[in-house]
1. Packing-wise, with mean Cβ within 10 Å as the measure, how do 156-167, 203-214, 65-76 rank, highest first?
2. For Cα pairs less than 8 Å apart in space and 6+ apart in sequence, what is the mean separation divided by the residue count of the range 268-366, i.e. the relative contact order in percent?
3. Rounded to the nearest whole Å³, what is the per residue volume of the convex hull around the Cα atoms of the chain?
4. Give the aspartates and glutamates whose C-alpha is closer than 14 Å to that of K176, dropping any in the same chain fewer than 8 places away, or say none.
5. Relative contact order of the range 185-332: what whole-number percent is it, with Cα pairs under 8 angstrom and at least 6 residues apart?
6. Shape call for the range 16-119 from the C-alpha gyration tensor, a ≥ b ≥ c root eigenvalues: rounded (a/c under 1.5), prolate (a/b greater than b/c) or oblate?
7. For the chain, give the share of DSSP beta bridges that are antiparallel, in percent and rounded to the nearest 5; count only bridges with both residues there.
8. Only Cα pairs under 8 Å and at least 6 apart count here; give the relative contact order of the chain as a rounded whole percent.
Amino acid sequence: MVKEKKDFSITPYEVGGQVDYSKLIKEFGVSKLDSRTLERIKKQTGELHVFLRRGIFFAHRDLNWLLDEYDAGNKFFLYTGRAPSKGSRVHLGHLIPWIMCQWLQEKFDVDMWFQFPDEEKFLYKPDITLEDTEQATYEDMLDVIALGFRPEKTKFLIDTKHAGIMYKEACKVAKKITFSMVKSSFGFNESNNVGSIFYTAMQAVPAFLPSVIKKKNIPCLIPLGIDQDPHFRISRDVMPKLGYYKPAIMHNVFLPPLTGIGGKMAASSGSETAIYTTDTPEEVKKKINKYAFSGGQATIEEHRKKGGNPDIDVSFQYLKMFFEPDDNKLQKIHDDYKSGKLLTGELKAILIEKINKFLSEHQKKREQAKKMIDKFVLKN
Ligand code: TYM
C-alpha cells in the first residue's frame, strides 16, 4: 500500500504546512459541521453567528447528542481555555473560539468555564518562569472579559490557583492515560519532561468539574481551534470510565497569519505575522500594508486587466472570516476585487478601518475589565 504523503501536521504544540481541513476531518475522525446540525442550532438561537454561517466552525464531535440533550431539557455548560505565557500576547485568531463561546452563552443562557492553564507553556517552553506567567494570565483575562461574558455565569479556573480542586480529578484522568497514547498524539519522545506528559489530564478536568461540584452529570460543549483536539481525543474516552459524559466539541479553522493563507496566526512566530488585541491603529495599518499577503497583480495596470484573487488574499480572508459580517457587502468587495475594480491598497484600507474599529472598542472594554477580574475568578 502506498502511504499518503503528509503535507501538513497539527498538534497543540505545532502547526506546520498548508492545512487541508477536509483531510483533517478524516485524519482526526471528527464530523463535518453540516447544514442539518446548523439548522438545529438556528432553531434554538433564531439566527446563526457569522462564524457558523461561513464555515469558520467547520467540524464537531457529538454536537447532535448535545442538542438532543438540550431538547430534552438537559442544559449544557461551555468550556474553553487559553494558555498564558510571557511573550505570547492574545491575537485576533485566539478570539475566534472565545467570541463563539460568548455568543453561545447569550443564546443558550448557559454557564461558561474558562481555563487558564498557567503551567502549560511553562512546561513546554524554555526560559519561562511561573512568575512571568502570572502577569500574562492577568493580561489574557482582560481580553476574555472584554468580549462580554456574563460575570454571574462565568468562572475562570487558573491551574496553579485552583489546583486544590483540580488535581484530584486530574489524577483520576491521568491514571487512565498511558505514555504511549500521549506520545503518539503529541509527537512526544523520551526526552519530554514528565510535567508535559501529565498536562493533558489537567486540560481534561474542566470538561467534567462542574459535574463533580454539582454532583450530577452535566453535558459540556467545548469550542476550540482544531489544534487543541488531540487533548480531548485522548481524554474523551476516559471520561465515561469516570462516570461522566464525553464533552461535545466544535472546531474552528485557523485565522491565517498575515503572511499567507493555509497556516495559523501564532503569537510565537513574530509580530509581522499576527495582529494583537493591544496593537495601536498605526501598528495595524503598518502591518496590514506591509505584510498582509496580497492576491493582487504586480502593477495597477495588470490588476485592472486581470483582477485579483480573493481566495489567496489575506485581507479578503480576514474580512470574510471575521470583519465583514454583511454578506452583500462582502460579495461586492469580492466581485470588485476579482474584476480589478478594487485595488489591493483599497482592499487593505477597508480591512484596516474595520480592524481598528473593532480594536478600539475591544481596548476600551479591556480597560474596564481591570475592575472586574474578581467577579470572574472562581472562589476557592
Ligand atoms: P492557546 O492559548 O494556544 O490558544 C487559545 C485558543 O485559540 C485557538 N487559536 C486559534 N484559533 C483560530 N485561529 C488561530 N490562528 C488560532 N491560534 C490559536 C486555539 O486553538 C485555542 O482554542 N492548551 C490550550 C489552552 C486550553 C484550552 C482548553 C483550549 C486549556 N483548556 C480548552 C481549548 C479548550 C492552549 O494552549 O490554547
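Since every read-out is calculated from the coordinates, none of them should be taken as a lab result. Given the structure is predicted, the values throughout are model-derived calculations rather than measurements. Here the Cβ positions follow ideal geometry from the backbone for every residue, glycine too, while neighbour counts run over all protein chains shown.
1. Ranked from most to least packed, the peptides come out as 203-214, 156-167, 65-76.
2. 31
3. Values: hull volume 60.3 nm³, N = 380.
That works out to 159 Å³ per residue.
4. Correct list for K176: D237.
5. 15
6. Judged from the Cα gyration tensor, the range 16-119 comes out oblate (a/c at least 1.5, b/c at or above a/b).
7. Values: 11 of 28 bridges.
In the chain, DSSP labels about 40 percent of beta bridges as antiparallel.
8. RCO, the chain: 20 percent.
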